[in-house]
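The values are calculated or read from the model by the stated rules, or taken from the named source; none is laboratory data. The structure displayed is predicted, hence computed values, not measured ones. Quick reminder, even Gly has a Cβ in these numbers, built from the backbone with ideal geometry, and neighbours come from all protein chains shown. The protein model used for the area step is the full one, side chains on, heavy atoms only, and it has no ligands, DNA or RNA in it. Shrake-Rupley method; radii C 1.70, N 1.55, O 1.52, S 1.80 Å.
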Amino acid sequence: MTSSPSESKHDPSVAHSARVWNYWLGGKDNYKIDRLLAQELADAFPGIVDIARQVRHFLFRAIRYLVVEAGVRQFLDIGTGLPTANNTHEIAQGMVPQARIVYVDNDPLVLVHARALLTSCPEGATDYVDADVHDPDMILREAARTLDFTQPIGLMMLGILGYVPYSDNPQAIVSRLLDPLPSGSHLVINDGTDTDPVCVEAMQAYNQNPDNATPYHLRSPGQIASFFDGLELVEPGVVSTSRWRPEPNAWGEPAEIPDYAGVGRKP
C-alpha cells in the first residue's frame, strides 16, 4: 500500500504526546523516543500514569452519561490519540449500536492506526478526520459528512486544550466548534491543572525537553471551567477527573488528581 503524504510525514525521532499517552496506558504503538520521554515524566511525576488511567475511566463514564441519560447518539472526538481499549465508538456503540462517531487527530500515526483498528459496528458509523484543533472550520466541514448537525452531538475534547496556548485563543476554538451544534449537544473536557507543584515542575521539564515537539499548558480549575461558559454544567460540575461521577467502591471517594473534567449541555 502506498502511504499518503500525511501518513509518511511522521518523525520517529521526535516524541509525540499521543504515543507517550499510549505507552502509559500499556499500548504498543510508540517509539523508543516516546518511551524514554514517558519514563522521564513518570520518574519526575509518578502520578502521571494514574492520571492517564483516570482519564480513560472518565471517558467511559462521560459517554455512558451522554448515551443513557442525555440521549446523545453522535460524537465528535477531537484529539483522539492512539487506539487502546474502550475507545469512544466502542463505548457508545456498545450501548447504542446506531451511534455515529467522528475522530479527529493530526498525528499521521494515529490516523493510520485509527483507520485500521477503529471499525464501526454495522448499525452505526465511524469516520476519521485529519485536522488540527486550530482549524475548527475544517473539522466541522469534514464531520458533517458523517454526523447530523440537526441532532445533539457530544463534543469530546479530552486532554487536547492543554496543547493550545492562550495566545491561540482556545476559548474561541471551543466556541466555534459549539456554535453549529444544536440544543441538547454536550461539551466534554478534561485537562491538566496547576494544582500539584510536583506536576507543575514535571510539565516545565516536559516543555523544555527538545525531544518533545508540543508544549502542554497546565491551567487552573477556574480556567478550565471557563470553557463551559454559556452551557448548563452537569453535576458535579468541573471537578478533579477522578471525582466526576466515580464508580461506587468499597474504598470511598477516589483520590483527587491534578486533572479536571466537566460536562456541559448546550441550552
* Of all residues in the stretch 78-101 being of a type in the set (S, T, N, Q) and either outside any helix (DSSP H, G or I) or at pLDDT 95 or above (or both), which is surrounded by the most Cβ atoms within 10 Å (Cβ to Cβ)? -> Thr80
* Please tell me if Asn207 is within 19 Å of Ala42 (Cβ to Cβ), without any contact (Cβ under 8 Å) to a residue 12 or more places away in the chain and surrounded by 13 or more Cβ atoms within 10 Å (Cβ to Cβ). => yes
* Structure fact -> How many residues of the stretch 231-254 are without any contact (Cβ under 8 Å) to a residue 24 or more places away in the chain and more than 17 Å from the chain's Cα centre (by Cα)? The answer is 9
* Asked: Which residues, taken from the stretch 240-256, are at pLDDT 95 or above, closer than 26 Å to Val164 by Cα and in contact with a helix residue (DSSP H, G or I) (Cβ under 8 Å, 6 or more places away or on another chain)?
  -> Thr241, Ser242, Trp244
* Structure fact -> Selection over the stretch 151-194 where residues are surrounded by fewer than 17 Cβ atoms within 10 Å (Cβ to Cβ) and not aliphatic (A, V, I, L, M) yields a count of 15
* **Residues of the stretch 20-68 satisfying the condition of being of a type in the set (Lys, Arg) and within 15 Å of Tyr206 (Cα to Cα)** => Arg35
* To do: From Gly230, Gly222, grab the single residue that is exposed (fewer than 13 other Cβ atoms within 10 Å of the Cβ) and in a helix (DSSP H, G or I).
  => Gly222
* **Failed item, numbered, when Val200 is tested on (1) farther than 20 Å from Gln54 by Cα; (2) open to solvent by less than 50 Å² (accessible area, probe 1.4 Å)** => (1)
* Structure fact -> Over the stretch 46-69, the set of residues open to solvent by less than 20 Å² (accessible area, probe 1.4 Å) and of a type outside the set (Val, Ile, Thr) is Ala52, Phe58, Leu59, Arg61, Ala62, Leu66
* To do: Could you please give the count of residues in the stretch 131-150 that are among the hydroxyl-bearing types (Ser, Thr, Tyr) and either exposed (fewer than 15 other Cβ atoms within 10 Å of the Cβ) or out of contact with any Ser or Thr (no Cβ under 9 Å at 6 or more places or on another chain) (or both)?
  => 1
* Odd one out for Val72, checked against (1) assigned to a helix (DSSP H, G or I); (2) among the β-branched types (Val, Ile, Thr); (3) at pLDDT 85 or above; (4) open to solvent by less than 30 Å² (accessible area, probe 1.4 Å) -> (1)
* Structure fact -> Of the listed residues (Leu140, Leu147, Leu181), the one being touching a strand residue (DSSP E or B) at 6+ places or on another chain (Cβ under 6 Å) and in contact (Cβ under 8 Å) with a residue 24 or more places away in the chain is Leu147
* Subset tally (residues that are open to solvent by 10 Å² or more (accessible area, probe 1.4 Å), of a type in the set (Gly, Ala, Ser) and either under 14 Å from Ile224 (Cα atoms) or touching a Leu at 6+ places or on another chain (Cβ under 8 Å) (or both)) for the stretch 238-266 -> 0
* To do: Would you mention how many residues in the stretch 109-165 are more than 15 Å from Gln74 (Cβ to Cβ), over 15 Å from the mean Cα position of the chain (by Cα), among the aliphatic types (A, V, I, L, M) and at pLDDT 95 or above?
  => 1
* To do: Would you please list the contacts, defined by Cβ atoms under 8 Å and residues six or more apart or on different chains, that run from a residue in the stretch 29-56 that is in contact (Cβ under 8 Å) with a residue 24 or more places away in the chain and farther than 24 Å from Ser13 by Cβ to a residue that is hydroxyl-bearing (Ser, Thr, Tyr) and open to solvent by less than 30 Å² (accessible area, probe 1.4 Å)?
  => Ile51/Thr241; Gln54/Thr241; Gln54/Ser242; Val55/Thr241
